[in-house]
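Below you'll find the structure, written out as structure tokens, and then a few comments.
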Amino acid sequence: MPNSNPQAVFIANNKLRPLADKFGQIYNLCKSLQAEATAENWTALFPNDAQQVMDGSDIDGRTICLNSDFSTLMGIVTTFLTYMEATSNANRNNVLKIAVNPEKVG
């Protein structure tokens, strides 16, 4: 019997499908950035050390970041992609099954 519970339908359409869209969008963004990072050797640009990245944050109020902060973020990207692509892309495929606009950004 189909689930026609109004609350379930509301949550599916207004919470879970939009969440799946965002997961798909972040997956696509991470995949693109991973390819760019490999092509441009970002590992060499951001070694895992405590040197500050002089991106203007020291004068504009944003949090000051170190090379290691960006290196760690790229590690998180890799971990996320590994999770999504595990077991023949099972997690990615589940997200994309639910998503309506996984390629749309914004």
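The values are calculated or read from the model by the stated rules, or taken from the named source; none is laboratory data. Computed from a prediction, not measured in an experiment: that's the story for all the values here. Using ideal geometry, Cβ is built from the backbone for each residue, glycine included, and neighbour counts are taken over all protein chains shown.
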task: Sort out which residues of the range 40-50 are part of a loop (DSSP other than H, G, I, E, B) and either of a type in the set (A, V, I, L, M, F, W, C) or free of Cβ contacts under 8 Å to residues at least 12 places away in the same chain (or both), and write them in order of number.
output: Asn41, Phe46, Ala50
- prompt: Which of the residues that make up the range 79-106 are touching a helix residue (DSSP H, G or I) at 6+ places or on another chain (Cβ under 7 Å), outside any loop (DSSP other than H, G, I, E, B) and among the polar types (S, T, N, Q)?
  reply: Asn91
query: Among the residues of the range 28-39, is there at least one that is basic (Lys, Arg), on the phi < 0 side of the Ramachandran plot, part of a helix (DSSP H, G or I) and touching a residue at least 60 places away in the same chain (Cβ under 8 Å)?
result: no
field: Any pair with Cβ under 8 angstrom, 6 or more apart, that starts in the range 80-105 at a residue that is surrounded by 15 or more Cβ atoms within 10 Å (Cβ to Cβ) and among the aromatic types (Phe, Trp, Tyr) and ends at one that is part of a helix (DSSP H, G or I) and modelled with pLDDT of 95 or more
entry: Phe80/Ile26; Phe80/Tyr27; Phe80/Cys30
field: Residues of the range 43-64 that turn out to be within 21 Å of the chain's Cα centre (by Cα) and surrounded by 15 or more Cβ atoms within 10 Å (Cβ to Cβ), as a count
entry: 1
Hits in the range 51-77 - residues which are of a type outside the set (S, T, N, Q) and not in a loop (DSSP other than H, G, I, E, B): Asp58, Ile59, Asp60, Leu66, Asp69, Phe70, Leu73, Met74, Gly75, Ile76, Val77
- prompt: What residue, among those in the range 12-42 that are surrounded by 13 or more Cβ atoms within 10 Å (Cβ to Cβ) and among the polar types (S, T, N, Q), is farthest from the chain's Cα centre (by Cα)?
  reply: Gln34
